[in-house]
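Here is the structure we will look at.
Each value in this text was obtained by applying a stated rule to the coordinates, not by laboratory testing. This is a predicted model, so every value here is computed, not measured. FYI the Cβ positions are ideal-geometry reconstructions off the backbone, even for glycines, and counts take in every protein chain you see.
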Amino acid sequence: MPLTVEIVTAERVVRTESGVDMLIVPGTEGQLGILPRHAPLMTTLAPGELVFRRGNDEESFVITGGFMEVRNDRVTILADAAEAAEEIDIARAEEARARAEGRVRAAREGHGGDIDLARALAALQRSSIRLKVAGRKRRLGYPSPGPR
Amino acid sequence: MATIRELKRRITSVKSTTKITNALQLVAASKMRRAQDRALQSRPYAEKLQLVLAGLATNAGGEDEARHPLLESRPVKNIGLLHITPNRGLCGGLNSNLNRSAGTFVATAEEPAAVVAVGKKGRDFFVRARAQVTAEFTEMGDYPTQAETSAISRVIMQDYLAGTIDRVYLSYAEFVSTANQRPTVRQILPIAPPRMDSLEQAEEFRAGYIFEPSPDQVLERLLPRYIEMQIYSAVLESAASEQSARMVAMKNATDNALEIQRDLTLTYNKARQEQITTELLDIVGGAAALEE
């Protein structure tokens with residue numbers, strides 16, 4: 001029996017997807033592949049890319065950390081934030097990356113005032129992942145999504 | 001007759017007031033629907049989080065309880081109050097009810113309170129009352145996002161972990177129904193985690209899963225999220241309460257204005273009729289005088 005996957009954030013239910021053959025998620029301890037009949041699992045997730053695989057089809061999402069519960073072929077992902085690859089706003093992500101880079105540099109060179117290096121790094125990581133996922137999607141030549 | 005003109009002027013004035021209150025009512029009604037939807041949409045996440053937290057936090061009790069600073073209760077020297085209010089007025093008694101409830105709470109608390117104000121109305125109240133306002137968030141829109149509320153959570157948790165405040169309360173407008181919003185003050189830190197019905201149930205829950213990296217580490221990540229979630233949903237609920245209160249207040253105002261309009265129009269017509277009667281009598285009287 002294939003997997004049923006639900007991605008929820010505090011703001012909305014991002015996606016409910018059934019018939020998933022394999023799910024790849026960014027666990028805090030490394031990437032995890034979830035196949036049907038996986039043992040019950042509860043884990044923390046790191047910022048990264050999440051991929052649904054159905055036959056030869058793939059669909060990717062970006063999440064910025066969270067939790068995952070696997071039980072009876074039902075996967076619930078409690079994400080801090082999540083968006084589908086085609087929803088990513090590239091301009092905004094690039095802007096965020098530039099800003100985060102500036103902050104990291106300022107904090108490293110010690111004239112950043114009260115900039116929190118850890119937070120700046122986390123922001124940099126989040127924006128880089130968004131760009132990476134969005135970029136790959138485009139290169140693979142997926143049809144551009146129509147208006148919803 | 002001057003009063004007729006006066007009446008006419010007042011009718012026009014009431015009419016334009018009605019237009020404004022009616023428009024505000026319609027705007028509030030549509031914002032209310034969206035605000036309520038948002039509050040509902042956060043529910044699946046909140047419920048799941050609660051369940052997992054309950055499963056992880058229900059344990060043998062005793063010393064083991066205090067394994068995380070956010071769970072640990074310590075001697076209370078200073079308290080913090082996170083006071084959530086609307087930015088704007090024209091929402092009936094909501095603002096004054098909220099401020100009264102929070103004001104009474106601070107006045108009767110045994111320990112000195114530091115206030116973090118979300119919303120202009122609450123900030124103004126505590127500034128006027130010369131309370132200690134340590135932070136304010138007054139730039140939030142009608143549909144607050146998680147990015148905005150997580151800044152609030154960060155301030156609160158920082159103060160709590162630094163030891164400047166030892167216990168934190170949340171004051172907000174609980175959304176009961178469109179016609180009823182209840183000012184509520186409740187404790188959020190240290191966390192009193194939701195409990196499972198029995199220890200066995202919790203142990204069964206924990207035994208049923210592989211935890212990665214470990215149950216404690218999952219719990220450690222979960223607790224700050226739980227606080228963020230509580231604050232986020234309180235802010236959402238307050239937003240829904242604000243729009244509902246505004247809609248009801250504006251509906252009452254519109255109804256009242258319409259009633260005044262009716263009364264004034266009646267008085268105006270009576271006065272007009274009287275004037276015509278008097279004029280007719282004058283003409284008839286004049287004609288009769290000429291015939292003689």
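Side notes on the structure shown:
- Overall form of segment B:1-141: oblate. Here a/c, set by the Cα gyration tensor axes a ≥ b ≥ c, is 1.5 or more, and a/b is not larger than b/c.
- Taking a ≥ b ≥ c as the square roots of the eigenvalues of the Cα gyration tensor, segment B:22-249 is oblate, since a/c reaches 1.5 or more and a/b is not larger than b/c.
- Lys, Arg +1 and Asp, Glu -1 on Cβ, resulting dipole of chain B about Cα centre, debye, nearest 20: 920
- In a reduced charge model with +1 at each Lys and Arg Cβ and -1 at each Asp and Glu Cβ, segment B:208-292 shows a dipole moment near 360 debye about its Cα centre.
- Calculated FRET efficiency for the pair B:GLU148/B:ARG9, C-beta based, R₀ 56 Å, to 0.05: 0.75
- Over all distinct Cα-Cα pairs of chain A, the Kirkwood formula returns a hydrodynamic radius of 16.3 Å.
- Efficiency of FRET from Cβ geometry, A:LYS132 and A:ALA91, R₀ 25 Å, rounded to 0.05: 0.95
- Between 0 and 90°, nearest 10: helix B:2-41 axis offset from chain B longest Cα axis: 20
- In plain terms, the chain from B:LYS19 to B:GLU259 could stretch by 85.0 nm, reckoned as 0.36 nm per residue minus the Cα-Cα distance.
- Contour excess over end-to-end distance, with Cα ends at B:THR108 and B:GLU274 and 0.36 nm allotted per residue: 53.5 nm
- Gaussian network model of chain B, Cα within-10 Å springs - most flexible of B:GLY208, B:GLY141, B:GLY89: B:GLY208
- Alpha carbon centroid spacing (whole Å) that separates segment B:165-219 from segment A:40-86: 24
- Cα-projected label distance for A:ARG105 with B:ARG88, points at 7 Å along beta-carbon direction, nm: 4.2
- Here the contact order of chain A, divided by its residue count and restricted to Cα pairs under 8 Å and six or more residues apart, works out to 20 percent.
- Rounded, prolate or oblate (a/c below 1.5 giving rounded, otherwise prolate when a/b exceeds b/c) for segment A:3-84 by Cα gyration tensor: rounded
- Within the listed set A:VAL51, A:VAL62, A:VAL13, the residue fluctuating most in the Gaussian network model of chain A (springs between alpha-carbon atoms under 10 angstrom) is A:VAL13.
- Helix axis angle, B:146-162 relative to chain B longest principal axis, alpha carbon, degrees: 50
- A simple spin-label model places pseudo-atoms 7 Å from Cα toward Cβ; at B:GLU72 and B:ASN97 they are separated by 4.0 nm.
- Ordering B:SER177, B:GLN25, B:ALA192 by Cα displacement along the dipole of chain B toward the positive end leaves B:GLN25 in first place; charges were set at the Cβ atoms of Lys, Arg (+1) and Asp, Glu (-1).
- Percent RCO, i.e. relative contact order, over segment B:22-249, from Cα pairs under 8 Å lying at least 6 residues apart: 35
- The charge dipole of the protein assembly as shown, taken about its Cα centre with unit charges on the Cβ of Lys, Arg, Asp and Glu (plus for the first two, minus for the last two), comes to roughly 1100 debye.
- The listed peptides B:174-184, B:276-286, ordered by packing as a protection proxy, come out as B:174-184, B:276-286 (highest mean of other Cβ atoms within 10 Å first).
- Averaging the Cα positions of each part gives two centres, and for segment B:28-49 and segment B:81-137 these lie 24 Å apart.
- Rounded to the nearest 10 degrees, the angle from helix A:90-108 to the longest Cα principal axis of chain A is 50 degrees.
- Helix-only arithmetic for chain B: the sum of -39500 (n - 2.57) across DSSP H runs with n ≥ 4, divided by the residue total, places the mean residue ellipticity at 222 nm at -22000 deg cm²/dmol.
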